[in-house]
Amino acid sequence: PYSPQHISKGRGKKGNHHEPTTGGIAMQNMSGPGSNSRGRKGGKYQQQQSRDRSKHQRQAPHLDPLQTMSGSITRGSSAENDGGKHHHHQRGPGTGTSGEQFVMESPTERQAFKEFGRHFRQKENVSLEAARDYALSCLDAESHPDLYLPPATHWRVFLELADVAKRSNMVEDARSHYREACRLQPRASQGWLEHSKLEEECGNLERCAAILQEGLRHCSTNENLLIRAVKFYERMGDLDQARHLLSRTKHLSIDKSWKTVLEGALLEARVGRYSMAREVLKYLTHYVPWYGPLYLAHTKLERDYGSPLEAFSIVEKGLKELPRYGPLYFQAFRLLEKEDLSQKAFDLPRTMEMVSRADSISRELLWKVHLEAAQMQERSAVLAVQDNPKKLHLRATLQPTRRSYAKAIMLCPPNLSWKIWLASGRTEVSCGNTRGARDLFLRAYDSVSEKGRSTVLLECARLEEFCGDLVLSRSILCKARQQFGKSDWKVWLSSVNLECRCGYRERAIAFAQEALNKHRGTGRLWAALIQLRHDDGELYQMKILRCALQAVPKSGEVWCEGARIHLNPFSPTFDLQAASRHLSFAARFTPQYGDSFLEQLRLNMIDQWLIPLATPFINVMLDTFLSSCCKNRDTQIDAYQFLAEHVKKAADVMKTQLEENVDTVIKDVLDTSELELRCSSADPNYGHLWFQCRDSPIDTAREVITQAKTVMADFVVDYAHLYIAAMVRRAGVLMLVHHRAEKKATASTTVGSAQELGLPTILGLPSPNSCQSDAMVDKELRVAPSLDQMLPSPSGVAGSTLFTTVCGGNGQKWDKLSLTEKRRILFGSDSLLS
């Protein structure tokens, strides 16, 4: 029923695809909260999956992704679309270039490499140099005949050598070893995959693309290599090339290509082609019904696009095929909980019915079912009391929650029971039963293993801080640092947050610096230190930011802090373009960090709402400056005083206009479709600002963005006059820089002689968008009077209130927060049970 012709019907006429601008889906976390890796490795899940596969195996027609997913690409041979680079090398599925053979290893050779691997790991524990020397000796038959490995395994040894060289920052040696591994075994995808990753990490994107293309010529239908190439071209924005690579699957039957086709469906979802992604996922769930993550991907797609009924029907279809697949039940719980709460059915009738159905899953997952049920019942009880506070009391309403925790404890393995004790303790905190929470946390401490003991201590410290006993909270954190400070960076971050919330900034900085001496590669510690150094000035923050990016260049938290510096109107280097670049890196390197997307939302509001309002002030300032310069070329004017007058005038006018008519900023014209699409694909799950804007753990990324719009819009409008003043100040400083450079160049040389000397065409200035230009502009911005100096009385607003604080209190003093707000900040994270 879901043939390629059926899928093609969704396209309509050629080029008239229905392409929504919002939506998306991510492949990460596809296993869901109920996945059980131990069960899969142990064989139960694998045996069940094998039985389901053999039971439901169908003869599927060949799916042509070129027809179904690449509407912008015309039909034609692969050779035509790729310049004839691939087609003549392919003799059929699974073949490589002519004459190549995969070097097979005998059992003796495989055993020899296994022994090598064991010794190699032992040498690694000593040092990377010892491991490298040992591997090289195993390739030298003359000097070390007793260690020499069979030639068929040499390509694997070169992969190990390349990995050691990469970790030792010896990039050229790593390249050489990867090339040798690919030369010895061109039909093995591992060499091409790792080599391409190295070049992409080094920024050599063209070389990375060439390596992937070369690898696909030798391994034309290797799924891992093909999926890697598709994702690479998607990141590069070359969707046509990504879709062209997917067209290779038209030579294969669906049972050999469904993973690649699934990646194509996810790609179409990430770029907003909801209809196409939906049809391909329907096709895959029909012909590959034994693979549970397919149903999860399809369910998430429908849920993100606001079709909960369709999402639940897919869950039911999946449970009919795979009645023991746990993640589908947990997906159903979230869908039904939201449905019950929307109807104010606080007893969760449909949800609890699904919980009773979940008794059929593996016993290894059954305790998680009741733990999830307890969490759902707690959220429902809180809402029920809020809906009817006169008749209901939270402590009594939580009784069903306690029964579910009891069932979870009885079914839980002993080594995991501490998680349930902690979760139940958090529940008691929510109803004010702090004594009961202490008893439960003590049980957790008695039952936890050494590995998880630091987590329990952190929960105890948060409880005592919530109760107001800061001395005991600090004592617990001190014990945690002494016992686990070398292995767990979270004990240091908790100490930093505690001191920051209490207002002891210097103590928080001392803890952050000491923590970074032990955990230099932890981005969240660097981000906390950057925030704490705000009072020391923007220049000091930028110095720490540069150190952080050298230590953790792929930390989204650090890049986000850089964006916050440039988004702060009181920062001398206020720069919306630089903030946009930083947020782009933050979302790419750490997509699960939600604050990056919310700061991007703030930036979009400033860009779409405030720049049009600031433009007239900038134009008037520029015209006035040029006319005064033209009339009085020789007169020395106080440029900074001139600039300050226009900055103050822009701020005063905008503040007056907003007080008289708040509709000056048209808040209904904001287009967040692209941001919602990217955020939904990334599916963030943490961040101080993210937790503030999220009402419930079951909220989707789109719902969080929607809730954040109101908060961010009010914030941007309240401080619109400061943002506009910062824009006018920056434009004025750039104007002065260009004017001084023009005068200097005119006095020293003509334009023609400047060109003869090879100087930039912009007189006296470095080439735009260069490092020299950015450094010069930043220097001038720091020399010019700050916004604080230009606006002597900015209504008592401090720059520190314009970005999220370390403790997540949104700039408010800790002792001014209510107990509910404190509990949300301290225990609002749902990472405990993940």
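The values are calculated or read from the model by the stated rules, or taken from the named source; none is laboratory data. Everything numeric here is computed off the predicted structure, so don't read it as measured data. Methodologically, a virtual Cβ is constructed for each residue, glycine included, from the backbone with ideal geometry; neighbour enumeration extends over all protein chains shown. Remember, those area values only see protein heavy atoms, side chains included, never the ligands or the DNA or RNA. Shrake-Rupley method; radii C 1.70, N 1.55, O 1.52, S 1.80 Å.
Report the FRET efficiency, 1/(1 + (r/R0)^6), for Val171 and Asn661, where r is their Cβ-Cβ distance and R0 is 45 Å, rounded to 0.05.
Numbers: r = 59 Å, r/R0 = 1.31.
Between Val171 and Asn661 the formula returns 0.15.
State the percentage of accessible surface on the stretch 349-389 attributable to carbon and sulfur atoms; use a 1.4 Å probe and exclude ligands, DNA and RNA.
50 percent
Measure off 7 Å from each Cα along the Cα-to-Cβ vector at Asp623 and Ser475, then give the distance between these two points in nanometres to one decimal.
For Asp623 paired with Ser475, the spin-label model returns 7.1 nm.
When the Karplus curve 6.51 cos²θ - 1.76 cosθ + 1.60 is applied with θ = phi - 60°, which whole-Hz ³J(HN,Hα) does each residue of the stretch 565-574 get, with x for Gly and Pro?
4, 6, 8, 7, x, 7, 6, x, 9, 3
Determine which residues of the stretch 511-548 fall in the zone a paramagnetic label at Ala130 would reach in this model, i.e. backbone nitrogen under 17 Å from the point 7 Å along Cα→Cβ.
none
Using label points projected 7 Å from each Cα along Cα→Cβ, tell me how many nm separate Ala510 and Asp446, to one decimal.
Result for the modelled spin labels: 3.7 nm.
Which whole-angstrom value gives the distance between the alpha carbon centres of the stretch 371-450 and the stretch 110-127?
If you average the Cα positions of each part, the centres end up 48 Å apart.
Once phi is turned into θ = phi - 60°, what whole-Hz ³J(HN,Hα) does the Karplus curve with 6.51, -1.76 and 1.60 give for every residue of the stretch 458-475, x standing for Gly and Pro?
Karplus-based 3J(HN,Hα) across the stretch 458-475 equals 5, 5, 5, 5, 5, 4, 5, 5, 4, 7, x, 8, 6, 5, 5, 4, 5, 5 Hz.
Please compute the length gained on full extension between Phe715 and Asp699, using 0.36 nm multiplied by the number of residues separating them and subtracting their Cα-Cα distance.
3.5 nm
May I ask you to give the solvent-accessible area per residue for the stretch 227-274, in square angstrom, as obtained with a 1.4 angstrom probe?
Using a 1.4 Å probe on heavy atoms only, each residue of the stretch 227-274 averages 29 Å².
Give me the extension gain from Glu310 to His393: residue separation times 0.36 nm, minus the current Cα-Cα distance, reported in nm with one decimal.
The Glu310-His393 span can extend by a further 26.2 nm.
In whole percent, how big is the carbon plus sulfur part of the accessible area of the stretch 470-530, probe 1.4 Å, protein atoms only?
Taking all protein chains in place, the stretch 470-530 shows 50 percent carbon and sulfur surface.
Have a look at His154, Ser127, Pro107 and report the one farthest towards the positive end of the charge dipole of the stretch 107-154, computed about the Cα centre with Cβ charges (Lys/Arg +1, Asp/Glu -1).
Farthest along the dipole direction, towards plus: Pro107.
Work out how much length Arg520 to Lys486 would gain on full extension: take 0.36 nm times their residue separation and subtract the Cα-Cα distance, in nm to one decimal. Please report the intermediate quantities before stating the final value.
Details: separation 34, 0.36 × 34 = 12.24 nm, distance 1.14 nm.
This chain segment gains 11.1 nm when fully extended.
Would you mind working out the accessible area per residue for the stretch 487-616, using a 1.4 Å probe, and quoting it in Å²?
Per-residue accessible area for the stretch 487-616 comes out at 36 Å².
Measuring from label point to label point, each 7 Å out along Cα→Cβ, what is the Asp238 to Asp815 span in nm?
The answer from the label model is 6.2 nm.
Kindly flag which residue pairs out of Lys419/Lys490; Lys282/Lys320; Lys479/Lys554; Lys338/Lys490; Lys490/Lys554; Lys300/Lys822 have an alpha-carbon separation exceeding 25 Å in this structure. Intermediate values should be presented prior to the final figure.
Values: Lys419/Lys490 17 Å; Lys282/Lys320 15 Å; Lys479/Lys554 31 Å; Lys338/Lys490 32 Å; Lys490/Lys554 19 Å; Lys300/Lys822 32 Å.
Flagged as over cut-off: Lys479/Lys554; Lys338/Lys490; Lys300/Lys822.
Normalised by the number of residues in the stretch 658-737, what is the relative contact order in percent for Cα pairs under 8 Å and 6+ residues apart?
26 percent
Work out from phi, with θ = phi - 60° and the Karplus expression 6.51 cos²θ - 1.76 cosθ + 1.60, the ³J(HN,Hα) of each residue of the stretch 178-185, listed in order in whole Hz, and give x for Gly and Pro.
3J(HN,Hα) across the stretch 178-185, in whole Hz: 5, 4, 5, 4, 5, 5, 6, 9.
Report, by chain and number, residues whose modeled amide H sits under 5 Å from the one on Tyr686, excluding near sequence neighbours (fewer than 5 apart, same chain).
Those lying under 5 Å, H to H, from Tyr686 are Gly594.
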